[in-house]
Amino acid sequence: MFDVMVILPLAATGAGAILIMLVAAFETFRREGISILGMGLFAFAFFIQLTVDNSGDIYPFAEVFNGMLVANTFTKVAGLIILACGFFSALAAQTYFTQNKGFVLEFYCMLLFAAFGMLLLTMVAELITLFIALEIMSLAVYTLVGYDRHSVVRAEAVLKYLMLGAFAGAFYVMGAVLVYAGTGSTSFAAIGAVVADSGYLSNPALVGGSFLILFAFLFKAAAFPFHAWVIDVYDGAPLPVTAFMATAVKTSIFAVLANFLLINPEVHQGWVTFLFYLSILTMFAGNLIAIGQQNLKRMLAASGIVHTGYLLIALVALGSERFSGGAILFYLAAYGVATLGLFVALSYLSGQDERRVSFDDFRGLAKVRPYSAACIAIFLLSMAGIPPTAGFMGKFYIIAGAFQAGHAVLAVLGIVSSILSLWYYLRLIIVMYFREPEQRFEVAELTLAPLGTIVLAVCVFAISFYPVVL
Amino acid sequence: MEGNLSSLGFIPLLPLAGALVLGLMHLATCRGRLISERIYALVGCIGPILSFLLAVNVFFALQALPAQSRFLSHQAFTWFSVGELTISMGFLADPLSVLMLLFVTLVGSLIHVYSIGYMAGDPAFGKFFSYLNLFLGSMLILVLGDGPLVMFVGWEGVGLCSYLLISYYSEDRGNVVAGNKAFIVNRIGDFGFVLGMSFLFWGIGAEGFDYLSLKANAHLLAPTLGITVCLLLFVGATGKSAQIPLYVWLPDAMAGPTPVSALIHAATMVTAGVYMVARFSFLYAQVEVAGLVVAWIGIMTALLGAIFGMFQNDIKKILAYSTVSQLGYMFAGVGVAAYSAGIFHVFTHAFFKALLFLGAGSVILALHHRQDIWQMGGLKNKLPITYWTMLIGALALAGCPPFSGFFSKDEILYSALAGGHTGIWAIGVLVAGMTAYYTFRLIFVVFHGQPRDREVYDHAHESPKVMTLPLIVLAVGALFAGFLNLPAIFGGHQQVSHWLAPSLTEVHPHGSMATEVLAIGGSVLAFVVGISIAYRRFAGGAEQPVFTGFRKFAYHKFYVDELYDTVLVRPYRFVGQAVQRVIEPYVTDGPVRAAAWLYRMAGLAFKVIQVGYVRVYAIYMVIGLSVMSLVLSQSLNF
C-alpha cells in the first residue's frame, strides 16, 4: 500500500497526460477548460506528493521493478518543486495563449508528460531507467518548444535543441555502456558496491563512463562550455515553455546528478576538481553573456547559466559534513519561484505575440502598473540574492556550504559573481522605475497570471523563512 | 509563580492585524475605487477596542492573584536563538505593564473614535487609520515586552509611526522636515538605548535577557557598569520622551494631525522613556547618582518647557511645551526613586493632556484650521462641550485640587521634599505656578473675552458627537483619576502605589506630617498665584502682545534650534559635501567606473562567440570534452 502512495504522483501525472490527450479529441473541452484541467492535475499531484511521508530510502515494488526506483525525502522535495513549476507554467500558459497564437489542446498533455519524465528522473536508481526517463522528459520538451510548426523561430529553436540533445544523449548511452563494462551492473547500488570494493580511480572503464554521463548532464544543465544552445532555445520557445525548461528541467537534472554523484563518496571525490573549475567558468561565462543581452528571455537564459554555476558549487560541497542535498533543493526552489514569477509576469505583460520582451519595452512600467513592477522587482532582487528574499537564503546556504567544505576560493568567487549579476537584474528595475512610460501596457483581462505573480512574490519571502531540514 | 496567559499575545496582535488589513485595503483602492469611510472606521476602531477589553480581562486575572506573585507571561514564539541564548517574543503582564496597558488601550480607543470625526473627508482616511493602528500595536509591544529586546521592537515601531504621522500631510515641506527632525533626534537617543542595552547584556545578560532574570541578577552588575547602563538608557529616554537636550523635536511634531499629537506626542509614546526608567527601577535603585542626574535633567526640562510655554501663540505649541514640561516632572519623580509617583503622573497626564489636545483639535476644526490663539476669543458659547471639558483638563494640568493632576504632581513634589531634594522641590513648585499661568492664559484667550476675528467666530460650530463623546469620557478620567491614589492625609489608601509595588524597587520616604502639609500648601499656593496672574492679564480680553527683551528670547525658544543648527547640523553637512565633491568622484568612483567599463567590454567580447550556428555550438562541446578528457588522462595516468 505504501509503495502505491510513493508512485501515485508519478502515476497521476502520467494518467493525467493520457486523460488530456483523450479529452482533447472531443469538442467538449476548449482552451479554458483544458487549462483548468491541466492546472488541476498538477495541483492534485502536488498535494499527493505532499502527503506522502517517505523518510529513509524506499524502493517501491522492489520485486517488480528490481530496485530501479528509489524514494526518499530528497526525491519528495524535488518532485514537489517540479510539480509546482508545472503548475505555474500551466498558469502562465493559460494567460499567454489568450494573447498569443499557436495553441493546441495537447499542450497541457505534453507538459504533464514532461513532468512525468522529470519525476521519474528524480527517483531513478539505475542507468537504463535513467535514460528512459531522460528521453521521456526531453521528447516532451522538444515537442513543447517546437509544436508550432508555422513559426520559424520555434522551428529553429527545436532543431538546435534536438540535434545537440541527441548528441549529448548519445554520449550518455556510451557512458552507460562503459560503466556496465567496468562494473557489470547498471544499478546504482551495485555500482556503489563495486566502487567500495575495488576503488574508483583504478577502474578506467568506470571513470571514462561516468565522465561521459557527467557530460550529458552538464549539457542538460547548461554548464560552460556546453551552454551555448540554451540562449537560442530559451529565446525561441514560447514563454511558458521557457519558464518550464528553466525551472523544472534544471531541478530534475540537478536532482539526478546529485543522486548519481552520491553513488559513492569516492565517485564524488573524483569529480570535485572538475566541478570546481566548471562552476567558476560557468558563473563568469553566464554573467558575461547576460550583460550583453537586450532581450529579457535571453538575459534570463544567460542568468540561468549563472545559477547553474551556483548549483555546481553546491555539488562541489555535496557530501561534506553538515551539508546535504537540502541546500541544492532550497536553491532550486528559490530560483524556481523567482524565475517562474518573472515568466508569469511576462506572460501577461508581453502582450500580443510577445511584443514586449526587451529591456526598453518595460520603460516606466512602475508608473503604469505599480504592483506588477513591484513583483518583478522582488523576483529580480531574489535572483540577485538580496536579503530577505529566498534567493539570498539559497545563496547563503550554498556559500556557507562551500566554506565548510574548505573551498573558500569558490565561496568568494560565488559572492563576486553575485555582485556582477546585479548589473543586469538592476538594469530592468532601473528601466521600470526611473524611465518615463511610453505605452499603456494593455493586457488581456480576466486572466490568472496577475494573481499568480502576487502569490509567487509572497512565496519569495515565505520560502526564505523556511529552514533547510533535509 | 508565573502563569501563562495566551490572550496577552492578542493584545498587540489585534491592532497590528488591523493595520495590515487597512493598509492592504488602502493600497488596493488608492487608484480610484474608494471604500467608504465607515468601513475603514469600523475596521480601524475594532482592534483597539478589543485590545482594551482584553486588557481589562488581564487586569482582573492579575488581581485575582496574590500581590507578590502577580506575573502573567506568554511566549508567543522563539524569535531567534544564537548558541545558548534564546530570545523569544515574550509578553509579560505585571502590575506596571497592566496599568500602562489599560490607559494606553483606553486612550488609544477613544482617540481612534475621535479621529473618525476629525479626519472625515481626508483623501487618505484608510492610510491614517492604518498608521494609527500600527502605532498602537507597537506601543503595546513596547509595554508588554518581557525584556529589553522586545521592548526595543516596540520602541522603534512607535518611532517609525511617529515619523509617518508627523509627516502625514506630506504635501507641505515643513511637515516633512519636522518628521525628519523627530526621526533623527530619536535615532540619536536610540543610539544610547542600544548601547545601554548592549552593556547590560555584556554585564548580566547571559543568564537570560528578560526583566525577571535581569532583576534577579542585578546585584551582580559592577557599579561603574551600572552607572553607564543607567545613563545610556536615559539617553534613549531623553530622545523618546523629549528631555534636555533632545526635546527639540516634540514642538515641531505638532505638524501632524491633532489626534496624533494627542495620542502619540502627549498621552502614550512620549511617556515610554518614563516607563522604561520605571521598568529598570531595579537598576536605578542601585545607583543613586544616575537617579539624581535623571531627576535634575527632568526638573530643568520642566522649567524650560514651562518658560517656553508661557510665550507661545500657537494653541498646539503651548500644549506641546506643556507636555515637555510635564514629562520633566515625571522624570523628576522617577529620578528621586518615587517610581510609582512618576508612573501615576504618566497615568493622569494621559487623560488630561489627551483631553486638552483633543479639545484643541475640536477648536481648530471649528475655526477651519486656525491655530493662533490671538485669532480666537469668546468661543465659550459657541463650543460649550469643548469649553467645559477643556476647562476640566486645564484645571487638572494646572494642579487644582481635587483634579487628577493635583494628586499626581503633589505626590512627586512631596517625594522630592521628603527625600531631601529641596532644590528640585522648589523648582517644581515654581514650575507648577508657571503651568497654571500658561494653561489659563490659553483658556482665557481662547474661550473668554470678545471674539478677535468676527468672521471666524461666526462660522464656528460645535464638533460632531463622535468627537465630543471621547472628550467627555476623558474629562471624567481627568476629574476622577486622581482619587485612585489618594494619599493618607486625605483619607485615601494609595491604591495605585500599592498596586505597582511588586513591579518596582522603591523605598517610600517617611516624611513628617509637616512635610506633607508644606508640599500640598506649596502646590496650592503656586496654583492660585499662577491662575490669578493669568486672570488679571487675559480674562478681560487682551490683545496680542509684542515681545521684547527676555520675552522675545523665550518666544524664540532661547534660539536652541538655531544653536544646534550652527554647531551640529551645518558642520556635519559641510563634511558631507566635502566628501561628495572630492572623495567620491576621484577616490571611489574612478576605479569603480573603470571596472564597470572593463566588465562591459568583456561582455561584448563574449557576445561574439554566441554565433547562432548549431555546428559551432557542437564544436564548443567537442572542444570542451576534449580538453576535459586530456586533463583527465593526464591526471590519472592510465
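None of the figures in this text is laboratory data; all of them are computed from the coordinates on show. All figures in this text were calculated on a predicted structure; none of them were measured in a lab. Glycine also receives a Cβ, built like all others from the backbone with ideal geometry; neighbour counts cover every protein chain displayed.
In a DSSP loop and with at most 15 other Cβ atoms within 10 Å, the chymotrypsin sites (Phe, Trp or Tyr not before Pro) in the stretch B:550-616 are B:Tyr613. Per-residue shielding of B:403-411, expressed as the average number of other chain Cβ atoms within 10 Å of the residue Cβ, stands at 0. Of interest is the spacing of the C-alpha centroids, which for the stretch A:324-346 and the stretch B:381-416 amounts to 63 Å.
For the stretch B:274-281, putting each phi into the Karplus relation 6.51 cos²θ - 1.76 cosθ + 1.60 with θ = phi - 60° gives couplings of 5, 4, 5, 4, 5, 4, 8, 4 Hz, in residue order, rounded to whole numbers and with x for Gly and Pro. Loop-located trypsin sites (Lys or Arg not before Pro) in the stretch A:277-343 (DSSP state not H, G, I, E or B) with no more than 13 neighbouring Cβ atoms inside 10 Å: A:Arg322. Centroid-to-centroid, using Cα positions, the stretch B:473-545 and the stretch A:85-123 are 77 Å apart. Each of B:Phe351, B:Ile364, B:Gly335 was scored by the projection of its Cα onto the charge dipole of the stretch B:318-446, and the greatest displacement toward the positive side belongs to B:Ile364; charges sit on the C-beta of Lys, Arg, Asp and Glu. Ordering B:Tyr339, A:Tyr147, A:Tyr96 by the number of other Cβ atoms within 10 Å of each residue's own Cβ, fewest first, gives A:Tyr147, A:Tyr96, B:Tyr339.
Other residues with beta-carbon under 14 Å from the beta-carbon of B:Ser261 carry, at +1 per Lys or Arg and -1 per Asp or Glu, a net charge of +1. Put a dot 7 Å past the Cα of A:Arg355, heading toward its Cβ, do the same for B:Ala594, and the two dots end up 4.7 nm apart. Toward the positive end of the charge dipole of the protein assembly as shown, with +1 on the Cβ of Lys and Arg and -1 on the Cβ of Asp and Glu, the farthest Cα among A:Phe88, B:His461, A:Gly184 is that of B:His461. Adding -39500 (n - 2.57) for every DSSP H run of four residues or longer, then dividing by how many residues chain B holds, sets the calculated 222 nm ellipticity at -22500 deg cm²/dmol. Each of the peptides A:277-288, B:176-187 was scored by the mean count of other Cβ atoms within 10 Å over its residues; in descending order, highest first, they stand as A:277-288, B:176-187. Distance between the 7 Å Cα→Cβ label points at B:Lys380 and B:Phe60: 4.4 nm. In terms of other Cβ atoms within 10 Å, B:Tyr321, A:Tyr142 run from fewest to most in the order A:Tyr142, B:Tyr321.
Residues B:Trp202, A:Trp271, B:Trp79, ranked from the fewest to the most other C-beta atoms within 10 Å, line up as B:Trp202, B:Trp79, A:Trp271. Remark on B:Gln243: its backbone amide H falls under 5 Å from none of the residues 5 or more positions apart or on other chains, H modelled at 1.01 Å from N.
For the residues of B:626-632, the average number of beta carbons from a partner chain within 10 Å of their own beta carbon is 3. Set Lys and Arg Cβ to +1 and Asp and Glu Cβ to -1, take the dipole of chain B about its Cα centre, and tell me which of B:Leu212, B:Leu101, B:Pro571 lies farthest positive. Toward the positive end, the furthest listed residue is B:Pro571. Before anything else, pin down the relative contact order of the stretch B:114-209: Cα pairs under 8 Å, at least 6 apart, normalised by residue count, whole percent. Result for the stretch B:114-209 is 20 percent. In this label model, A:Ala205 and A:Leu50 are separated by 4.8 nm, measuring between points 7 Å along each Cα→Cβ vector. Peptides A:10-21, A:242-253 ordered by packing proxy, namely the average of other Cβ atoms within 10 Å per residue, highest first: A:242-253, A:10-21.
How many angstrom lie between the Cα centre of the stretch B:156-212 and the Cα centre of the stretch A:393-458? Between the Cα centre of the stretch B:156-212 and that of the stretch A:393-458, the gap is 32 Å. Evaluated with a Cβ-only charge set (Lys, Arg +1; Asp, Glu -1), the protein assembly as shown carries a dipole of roughly 2380 debye about its Cα centre, given to the nearest 20.
Distance check, please: which entries in B:Lys181/B:Lys353; A:Lys101/A:Lys297; B:Lys127/B:Lys215 exceed 29 angstrom between their Cα atoms? B:Lys127/B:Lys215, as the Cα separations exceed 29 Å there. Here chain A is scanned for GluC sites (Glu not before Pro) in DSSP loops (not H, G, I, E, B) that have at most 12 other Cβ atoms within 10 Å, and the longest stretch holding none of them is A:28-320. Only Lys, Arg, Asp and Glu carry charge here, each on its Cβ (+1 for the first two, -1 for the last two); on that basis chain B has a dipole of about 1420 debye about its Cα centre. Local charge for B:Phe444 was computed over the other residues whose Cβ lies under 14 Å away, with Lys and Arg +1 and Asp and Glu -1, and equals +4.
Which far-off residues, 5 or more places away or on another chain, put their amide H under 5 Å from the one on A:Ser358, with H placed in the peptide plane? Residues meeting the criterion, in which the H sits 1.01 Å from N, are A:Leu296. Inter-chain neighbour count for B:443-450: the average number of beta-carbon atoms from partner chains within 10 Å of each residue's beta-carbon is 0.
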